[in-house]
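One structure is given below, encoded as structure tokens.
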Amino acid sequence: MTTTAVANHPSIFTHRSPLPSPSSSSSSPSFLFLNRTNFIPYFSTSKRNSVNCNGWRTRCSVAKDYTVPPSEVDGNQFPELDCVVVGAGISGLCIAKVISANYPNLMVTEARDRAGGNITTVERDGYLWEEGPNSFQPSDPMLTMAVDCGLKDDLVLGDPDAPRFVLWKDKLRPVPGKLTDLPFFDLMSIPGKLRAGFGAIGLRPSPPGYEESVEQFVRRNLGAEVFERLIEPFCSGVYAGDPSKLIMKAAFGKVWKLEQTGGSIIGGTFKAIKERSSNPKPPRDPRLPTPKGQTVGSFRKGLRMLPDAICERLGSKVKLSWKLSSITKSEKGGYLLTYETPEGVVSLRSRSIVMTVPSYVASNILRPLSVAAADALSSFYYPPVAAVTISYPQEAIRDERLVDGELKGFGQLHPRSQGVETLGTIYSSSLFPNRAPNGRVLLLNYIGGATNTEIVSKTESQLVEAVDRDLRKMLIKPKAQDPFVTGVRVWPQAIPQFLVGHLDTLGTAKTALSDNGLDGLFLGGNYVSGVALGRCVEGAYEIASEVTGFLSQYAYK
């Protein structure tokens with residue numbers, strides 16, 4: 001639930017369509033079908049005690065953290081660096097990994113005592129589960145990062161034919177996965193399907209002269225049923241957000257661009273296909289695996305393997321428990337960064353800086369340099385989300401949900417109109433191998449978001465009770481035994497919301513930095529690149545390219 005927030009969030013559906021994407025390395029983009037897992041929260045409050053809460057059995061464990069020992073500090077001063085990446089989440093680590101190929105004289109600093117940001121893989125009692133991002137869309141940039149880090153043999157991909165479901169009128173209904181499914185799936189009525197088809201080819205109202213929300217764009221182009229039964233729950237899954245406030249251009253920019261370039265969603269798709277055939281991409285890296293169909297990926301021992309592998313390659317360049325106190329512009333060019341570290345106060349001089357911490361953290365650090373940039377960054381909203389991972393015996397699953405005696409599929413989403421509190425559920429033990437003991441089903445559930453911020457005041461047992469109550473309405477037998485609770489993680493500030501005005505506000509922050517002469521200071525992270533885990537990695541390559549371009553010109557300034 002989300003490619004990525006949490007950030008790097010949650011979506012439990014893979015974006016599927018018979019129409020090819022104009023700008024994705026994946027082969028399908030249509031907005032009609034639900035997409036990827038992205039859940040990348042930043043700051044968390046973990047409720048992890050082993051307790052019995054009103055009869056709920058709770059067993060939680062602590063993830064194995066990768067720690068890079070700090071190198072010796074000579075007089076609390078380091079030589080001038082080419083780049084300092086502030087924040088060792090997945091965005092920061094990937095940016096540093098890419099930059100280090102040409103500029104190895106860099107450092108990654110992290111205020112916490114662990115790298116990897118909100119990627120939180122936990123293993124205990126025969127279970128392996130995620131409490132932050134759950135999986136990623138295996139785009140070529142994502143696969144390249146994995147292969148470059150030596151994880152090719154550890155990649156695991158979900159079944160591309162695994163069904164996805166949406167709860168509608170007390171029934172879990174499959175989402176169409178391919179063109180031949182369109183006439184037969186029962187999630188939408190025949191009039192609703194016709195409305196979507198006519199709208200997709202351009203028989204709908206013209207675009208207005210203002211920035212549209214996701215809800216406005218979808219209702220205008222594809223009709224009410226597509227919005228209410230597909231896109232609204234999808235927005236809850238990806239952003240944990242309110243589609244009436246999310247901006248279409250920022251949240252689903254590729255689909256928004258189709259209408260802009262082709263006059264309609266279908267017209268833009270065909271135009272993109274034509275342009276792509278006229279300008280073929282360079283040959284694909286032969287080292288990369290070729291995923292079959294639309295699927296999601298992880299690693300043999302969970303997502304934690306990726307930040308661990310990057311840290312291993314960066315070695316002592318990663319500094320943990322380093323809290324950035326201030327940044328000042330150096331009279332000699334570049335920047336001076338001051339840290340509180342386990343070794344005492346440390347100062348770094350660097351030609352460039354990449355801020356990959358959440359926008360509200362960056363705002364506080366950058367305020368002395370640019371009030372305008374700080375004000376812009378402080379305006380982004382991060383609602384709370386909780387990840388509740390629970391297990392039931394196989395026999396607790398309703399008979400009609402079993403195929404050949406097993407629960408199969410990717411997961412399910414729940415529209416806000418259907419009277420359940422849980423945003424959605426990922427079938428973790430069905431999606432990837434070795435995630436639960438034999439005979440057990442492991443379910444990752446997300447609850448909260450922009451439309452349910454009250455979760456931060458609920459206890460762990462209350463969150464589990466809410467999820468269990470919802471599941472018994474459509475997936476679990478009403479009289480099944482209580483679930484075994486593996487973990488409950490609350491992220492008070494989870495996924496950044498790409499609200500109306502987001503791109504303009506981000507542009508204001510970047511312009512303010514430039515206007516204050518802060519060249520070489522870059523903004524990164526999920527509020528810049530996108531909330532999906534895979535999108536954070538793709539964005540890391542883009543930002544790293546900007547930084548290396550700046551550094552290549554530095555000697556001539």
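The single residue among Pro138, Pro133 that is modelled with pLDDT under 95 and closer than 17 Å to Cys536 by Cα turns out to be Pro133.
Quick one: would you say Ile390 is modelled with pLDDT of 95 or more, out of contact with any helix residue (DSSP H, G or I) (no Cβ under 8 Å at 6 or more places or on another chain), surrounded by 23 or more Cβ atoms within 10 Å (Cβ to Cβ) and among the β-branched types (Val, Ile, Thr)? Considered against the rule, which asks whether it is modelled with pLDDT of 95 or more, out of contact with any helix residue (DSSP H, G or I) (no Cβ under 8 Å at 6 or more places or on another chain), surrounded by 23 or more Cβ atoms within 10 Å (Cβ to Cβ) and among the β-branched types (Val, Ile, Thr), Ile390 comes out as no. Would you confirm whether or not the stretch 261-269 contains a residue that is out of contact with any Pro (no Cβ under 8 Å at 6 or more places or on another chain), under 28 Å from Gly158 (Cα atoms) and outside any loop (DSSP other than H, G, I, E, B)? No, there is no match, as no residue in the stretch 261-269 is out of contact with any Pro (no Cβ under 8 Å at 6 or more places or on another chain), under 28 Å from Gly158 (Cα atoms) and outside any loop (DSSP other than H, G, I, E, B). Tyr554 meets the conditions (1) open to solvent by less than 30 Å² (accessible area, probe 1.4 Å); (2) at pLDDT below 95 in every case but one. The failed one is (1).
Between Val357, Val371, Val345, Val361, the distinction of being within 30 Å of Leu463 (Cβ to Cβ), out of contact with any Leu (no Cβ under 8 Å at 6 or more places or on another chain) and open to solvent by 20 Å² or more (accessible area, probe 1.4 Å) belongs to Val361 only. For the stretch 183-197, the set of residues classified as part of a helix (DSSP H, G or I) and under 32 Å from the mean Cα position of the chain (by Cα) consists of Gly192, Lys193, Arg195, Ala196, Gly197, listed by residue number.
Filtered by the rule that a residue be among the hydroxyl-bearing types (Ser, Thr, Tyr) and either open to solvent by 20 Å² or more (accessible area, probe 1.4 Å) or in contact with a helix residue (DSSP H, G or I) (Cβ under 9 Å, 6 or more places away or on another chain) (or both), the stretch 322-340 gives Ser325, Ser326, Thr328, Ser330, Thr338.
To keep it simple, each residue is scored yes or no on (1) at pLDDT below 95; (2) under 15 Å from Val218 (Cβ atoms).
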site	(1), (2)
Ala240	yes, no
Ala251	yes, yes
Ser277	yes, no
Lys281	yes, no
Pro286	no, no
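Just to be sure, is Ile310 farther than 30 Å from Glu228 by Cα and either of a type in the set (Val, Ile, Thr) or in a strand (DSSP E or B) (or both)? Yes; evaluated as a whole, the condition is true for this residue. The residues of the stretch 202-238 that are of a type in the set (A, V, I, L, M) and surrounded by fewer than 21 Cβ atoms within 10 Å (Cβ to Cβ), listed by number, are Leu203, Ala224. There is no residue in the stretch 537-546 that is in contact with a strand residue (DSSP E or B) (Cβ under 7 Å, 6 or more places away or on another chain) and among the small types (Gly, Ala, Ser).
Out of Asn516, Asn438, Asn434, Asn445, one residue alone is open to solvent by less than 10 Å² (accessible area, probe 1.4 Å) and out of contact with any Phe, Trp or Tyr (no Cβ under 9 Å at 6 or more places or on another chain). It is Asn445.
The values are calculated or read from the model by the stated rules, or taken from the named source; none is laboratory data. Only a predicted model underlies this, so the values are computations on that prediction, with no experimental measurement involved. Neighbour counts are summed over all protein chains in view; Cβ atoms, including those assigned to glycine, are modelled from backbone coordinates with ideal geometry. All accessible areas refer to the heavy atoms of the entire protein, side chains included, with ligands and DNA or RNA removed. Shrake-Rupley method; radii C 1.70, N 1.55, O 1.52, S 1.80 Å.
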